[in-house]
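To keep things clear, I will list the structure first and then write my remarks on it.
The values are calculated or read from the model by the stated rules, or taken from the named source; none is laboratory data. Because the structure is a prediction, the values reported are computed rather than measured. Quick reminder, even Gly has a Cβ in these numbers, built from the backbone with ideal geometry, and neighbours come from all protein chains shown. The area values use the complete protein model at the heavy-atom level, side chains included, leaving out ligands, DNA and RNA. Shrake-Rupley method; radii C 1.70, N 1.55, O 1.52, S 1.80 Å.
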Amino acid sequence: QDTKDRTFDQEVARAYQTMSALMNYIRSVKDFGKCTGKARGGNQYGIPFVSDCVKSDYEGPCKSSDKPVPCGDHTCKATFVSCLQALLTV
């Protein structure tokens, strides 16, 4: 899904806070020794922190900008955080 028909003015104002939150998640996951590396097959622009710590044998494709992260449960998720949450319930 492209973003050309949508505006994100309000969201962009929170980009720093969002990226800080994702960095904190990554640090916590690494502290517990559960970070498996960056997922491949999604996040086509290489945006940092979106697909960290959930590398698996599933590589998508995850072409939607709403869900660019290939998750080990063989679905595409919005972020690695939602992937980790899904994997905890499997």
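Only one of (1) more than 12 Å from the chain's Cα centre (by Cα); (2) buried (at least 16 other Cβ atoms within 10 Å of the Cβ) fails for T36. Which number is that? Failing condition for T36: (2). Residues that are more than 10 Å from the chain's Cα centre (by Cα) and over 19 Å from M23 (Cα atoms) were ranked within region 67-85; the one that is least open to solvent (accessible area, probe 1.4 Å) is G72. For the residues C53, C62, the requirement of being in contact with a strand residue (DSSP E or B) (Cβ under 7 Å, 6 or more places away or on another chain), open to solvent by less than 30 Å² (accessible area, probe 1.4 Å), more than 17 Å from A15 (Cα to Cα) and assigned to a loop (DSSP other than H, G, I, E, B) singles out C62.
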